[in-house]
Amino acid sequence: MKKLLMPYNGTSLQLKNHVVMAPMTRSRAIGNIPNALMTQYYGQRKGAGLIITEGTAPAPEALGYARMPGIFSDEQVKGWKLVTAAVHQNNTKIFVQLMHTGRIGHVANLPDDARLIGVSEIPAIGQMHTDSLGSQDFSMPDALTTEGVQEVIGYFVVAANNAVAAGFDGVELHGANGYLIEQFLNPNVNDRTDQYGGSIENRVRFAVEVAQKVSEAIGKDKVGIRISPNSTLGDLAPYDADATLKTYTHLASELNRLGIAYIHVSINPGVPAETLNAIRREFKGTLIHSSGFTPENAEIELQTGAADLVAFGRNFLSNPDFVERIIAGAPFNPVDFTTLYTPGEKGYTDYPRMAGTNEKAILL
Ligand SMILES: Cc1cc2nc3c(=O)[nH]c(=O)nc-3n(C[C@H](O)[C@H](O)[C@H](O)COP(=O)(O)O)c2cc1C
C-alpha cells in the first residue's frame, strides 16, 4: 500500500493518512462568517488526514480580501464549530490557517473602523478585487509601531484561543505567499529600524514571537506554520540568495527550539534544494511539502524522506473524494478557474464524486 494512504504517527500529529488538504481561499464567507455552505464543502473533503482551512483573519484589520472568514468574533467561532464537527466525523483533523493579509488588501474590504496595516509604508503594486468598488490598487498601509506589532501578536493569540474553542485541532500561521509574516521576513518590504527589521534575527523575530506566544496559549503541539521561501507572490521581490537561505535556516532553527508541530513549505520553482535541505536539517518536527504535487510524486517525496506529509491544493478543490480517487486510481475532475472566488455553490460544493459512490459511504 502507498505510504500516502497509511496512517501517520508523528510526535505531535497523528493522522489517518499522509494526505493533507492545502489551505485555499474560496471567498464564500458572506459577512466574514463561516456558514452552512462552507461546512458542506469541508465536510465533503473529509477523506484527508488533515485539512488546513482557507486563510482566516485573526482580526478585522486582517480581512484584506472580500468574503474571507475571520476567527475573532463569537459568531465566527459558532460558524467554525459546524465545520470542525463535520470533518471530525471521519477522524479527519483540521487546522485553521491564521492569515493576516498586512499590506495585501484594500480598505474597501475592511470593516469601517479598521485600517490597513503593514510592516513598513511600502504599498504592494497591483490590484485586487473589492465587492463594493470592483478592481482597485492595493491601499497604502500604515506602518505598525513597535507597540502595534505587540498588539498584532495579541490578535494571533486571541484567534488561536478561539480556534481551540471552535474545535480546531490547531492553527497554521500563514508565513507564506506575501502576507504579513512574510512581509516581515523580506527585507525589500521591511525597512524597519526597530527590533523587527534589519538583521536576519530581527526580520525573523515576528514569526518566532507569534509562534511562541500562540504556543504558550494553546500548546506547541497545536501550532504549525506555512512558509514559501523565494516566493514572489504579493509583489515580493527576490532578495540576496545567501540572505534568503540564512533567513529560512534561522527561522527553522528557532521554530525547532520552540518545538511546534509542523513546518509546511509551499515549494516554488525558484527555491534552491539547499534551502529545503536546511529546513529539513534544522527542524525535527513534522515537515509538510506542497504545491505542484500529484499522488505519484508525493509518494516519492514521502518514500525518500524529503517530507513527512504532502498537501494538495487544486486537486482537492475539484475532487471532493480526492483520497478515494487515489485509492481507485480514478481520474481527477479539472478545476474551474472562473469560480474560484465567486460566492455560492457553483464551483464549490458541486464538483462531482466518482460515479456510483456517495459521501455517506466514506469509511476512510
Ligand atoms: C483558489 C486558491 C486559493 C488559495 N488560497 C490560499 C490560502 O488562503 N492560503 C495559502 O497558504 N495558500 C493558498 N493557496 C495556495 C495553495 O495552498 C497551494 O499552495 C497551491 O494551490 C499549489 O498547490 P497545488 O499544486 O497542489 O494546487 C491557494 C490556491 C488556490 C488555487
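Of Met6, Met99, Met21, how do they rank once you tally other Cβ atoms within 10 Å and put the fewest first?
Fewest to most other Cβ atoms nearby, the residues stand as Met6, Met21, Met99.
How large is ³J(HN,Hα) for each residue in segment 109-119, as worked out from phi by the Karplus curve 6.51 cos²θ - 1.76 cosθ + 1.60 (θ = phi - 60°), to whole Hz, x for Gly and Pro?
Those phi angles translate into 8, 8, x, 3, 8, 9, 10, 7, 10, x, 6 Hz.
For the pairs Lys93/Lys222; Lys93/Lys284; Lys81/Lys222, note any where the Cα-Cα span goes beyond 19 Å.
Correct reply: Lys93/Lys284.
Quick one: 3J(HN,Hα) in Hz for segment 299-314, Karplus 6.51/-1.76/1.60 with θ = phi - 60°, rounded, Gly and Pro as x.
4, 5, 4, 6, 5, 7, x, 5, 9, 9, 9, 10, 9, 10, x, 4
So, with +1 on the Cβ of K and R and -1 on the Cβ of D and E, and no other charges, what is the size of the charge dipole of segment 3-361 about its Cα centre, to the nearest 20 debye?
So the magnitude is around 1100 debye.
In nm, what is the difference between 0.36 nm times the number of residues separating Asp235 and Lys213 and their Cα-Cα distance?
Stretched out fully, the Asp235 to Lys213 stretch lengthens by 5.1 nm.
First select every other residue whose beta carbon is under 10 angstrom from the beta carbon of Val87; then total the charges, Lys and Arg +1, Asp and Glu -1.
+2
Cut-off under 13 Å on the C-alpha distance; same-chain residues fewer than 8 positions from Lys3 excluded. Which aspartates and glutamates are left, in chain and number order?
Glu296, Glu299, Glu301, Asp308
If we count every other residue with Cβ under 10 angstrom of Val214's Cβ, Lys/Arg +1 and Asp/Glu -1, where does the sum land?
It works out to a net charge of +1.
Using the count of nearby Cβ atoms within 10 Å as a rough guide to exposure, how do Ile288, Ile71, Ile30 rank from fewest to most?
By the 10 Å Cβ count, ascending: Ile30, Ile288, Ile71.
For Gly55, list long-range residues whose amide hydrogen, built 1.01 Å from N in the peptide plane, is under 5 Å from its own amide hydrogen.
Met24, Thr25
Using only the Cα atoms of segment 3-361, build the gyration tensor, take square roots of its eigenvalues as a ≥ b ≥ c, and label the shape rounded, prolate or oblate: rounded if a/c is under 1.5, else prolate if a/b is larger than b/c, else oblate.
Verdict is oblate for segment 3-361.
How charged is the neighbourhood of Leu50? Take every other residue with its Cβ under 10 Å from the Cβ of Leu50, and add Lys/Arg as +1 and Asp/Glu as -1.
Spelling it out: positives minus negatives among the neighbours equals 0.
If the chain between Ala330 and Asn188 were fully stretched, how many nm would it gain, using 0.36 nm times the residue separation less the Cα-Cα distance?
46.6 nm
Just need the relative contact order of the chain here, percent rounded to a whole number, with Cα pairs under 8 Å and 6+ apart.
That works out to 17 percent.
What is the packing order of peptides 146-152, 273-279, taking the mean over residues of other C-beta atoms within 10 Å and listing the highest first?
The densest-packed peptide leads the list: 273-279, 146-152.
Restricting to bridges with both residues inside the chain, how much of the DSSP beta-bridge set is antiparallel, in percent to the nearest 5?
Here the share of antiparallel DSSP bridges comes out near 15 percent.
Values in this text are rule-based calculations from the coordinates and carry no lab data. Nothing here was measured: the structure is a model prediction, and the numbers come from that model. As a convention, Cβ positions derive from the backbone with ideal geometry for all residues, glycine included, and neighbour counts pool all protein chains shown.
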